[in-house]
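The values are calculated or read from the model by the stated rules, or taken from the named source; none is laboratory data. In this text, all values refer to a predicted model and were calculated from it rather than measured experimentally. No Cβ is skipped: glycine too gets one built from the backbone with ideal geometry, and neighbour counts run over all protein chains shown.
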Ligand SMILES: [Mn+2]
């Protein structure tokens, strides 16, 4: 395993050294692991004296990651807006399949470009000419640490903070199952290089608009309980959000997650009239084995999602939509009445 890693890592370095111009990208809706790995790789390649162009991809740069260094290096272009003839190597980071490069158009990578995929997703389709996939790594940033170590790169403070934040975010602050003793070891080494981690974590986690907090307040003060308290629902009308200058975007603040943090409230619902007669619904459950909430999202409106987290939109007046949702819950989960 270690041998295989070293061989692949050496092969990648070899290809990089032979390349003239390297392309990097952030995946759609980029998270700190995507941004952090792209920025760290950009700095490493620049230090090697290689020409590198990192592109932002489909999405805008996230506001809560503005404290990361050198994010101004990211070119505001998506994959279809670049000229592939300008590049001979594409290093694809934190992307398990082609649709993580862009979802705006079908992706066809020119045969003149060599591709290297570096990723930690178990679902990775290994679509590169060279693939370095390690699903035991919490994040692409953790994997990059091993790669840079093999390459004898001196990780500087700017690289370290980008990689640290990627690891921190992909592990949910060292809480998810992908967190291992190795994760702590790597994070500790990065934190030792750059002590500034507290600041970037604070900026990332405390970047809500006042309207989002106002919305959370409105929602939490509207809680109603159904089915002997097994379902807790926050519901807010259009006139209420309008009164406080709250937009549709401000209503996605994790209210349904907050509801299910209470023991006994098995299903949490954020139910908000985001436009007149347009209800945006977020469903969450503590017990995905018992309640597959994506079934409810699918039968009311055209929603979907996962067993534990789903969403939908209902185009009906407020009270009618609420009754429709409650009826669907009852029909989908007869055990709610037991
Ligand atoms: Mn990742």
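Below are the figures for this structure:
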read-out	value
Among the residues listed as 74, 93, the single one being assigned by TED's automatic domain parsing to the domain that holds residue 148, under 25 Å from residue 204 (Cβ atoms), modelled with pLDDT of 95 or more and under 17 Å from the mean Cα position of the chain (by Cα)	93
Residue in segment 258-265 that is in a helix (DSSP H, G or I) and either under 19 Å from residue 220 (Cβ atoms) or modelled with pLDDT of 95 or more (or both) present	yes
Hits in segment 155-173 - residues which are within 15 Å of the ligand (Cβ to nearest atom) and exposed (fewer than 15 other Cβ atoms within 10 Å of the Cβ)	172, 173
Complete set of residues in segment 18-35 that are crowded, with 22+ Cβ neighbours inside 10 Å, under 23 Å from residue 82 (Cβ atoms) and within 16 Å of the ligand (Cβ to nearest atom)	24, 25, 26, 27, 30, 33, 34, 35
Selected residue (criterion: surrounded by the most Cβ atoms within 10 Å (Cβ to Cβ)) from residues of segment 189-212 that are in a helix (DSSP H, G or I) and touching a residue at least 40 places away in the same chain (Cβ under 8 Å)	190
Failed criterion for residue 117 (all others in (1) surrounded by 16 or more Cβ atoms within 10 Å (Cβ to Cβ); (2) touching a residue at least 40 places away in the same chain (Cβ under 8 Å) hold)	(2)
Which listed residue is in the same structural domain as residue 131 (by TED's automatic domain parsing), more than 16 Å from the ligand (Cβ to nearest atom) and either at pLDDT below 95 or in contact with a strand residue (DSSP E or B) (Cβ under 9 Å, 6 or more places away or on another chain) (or both), from 38, 15	15
Evaluation of residue 310 against (1) at pLDDT 95 or above; (2) crowded, with 22+ Cβ neighbours inside 10 Å (one fails), failing number	(1)
Identity of the residue in segment 132-148, over 18 Å from residue 179 (Cβ atoms) and in contact (Cβ under 8 Å) with a residue 24 or more places away in the chain, that ends up farthest from the ligand (Cβ to nearest atom)	148
Positions within segment 41-77 being in a helix (DSSP H, G or I) and away from the ligand (no atom under 16 Å from the Cβ), in sequence order	42, 43, 44, 45, 46, 47, 48, 63, 64, 71, 72, 73
Candidates 152, 124, filtered to the one that is within 16 Å of the ligand (Cβ to nearest atom) and not in a helix (DSSP H, G or I)	124
Matching residues, segment 192-243, being more than 23 Å from the chain's Cα centre (by Cα) and closer than 30 Å to residue 163 by Cβ	192, 193, 194, 195
Subset tally (residues that are outside any helix (DSSP H, G or I), surrounded by fewer than 18 Cβ atoms within 10 Å (Cβ to Cβ) and touching a helix residue (DSSP H, G or I) at 6+ places or on another chain (Cβ under 7 Å)) for segment 291-307	3
Residues of segment 155-188 satisfying the condition of being more than 20 Å from residue 132 (Cβ to Cβ), in a helix (DSSP H, G or I) and more than 17 Å from the chain's Cα centre (by Cα)	157, 158, 160, 161, 181, 184, 187, 188
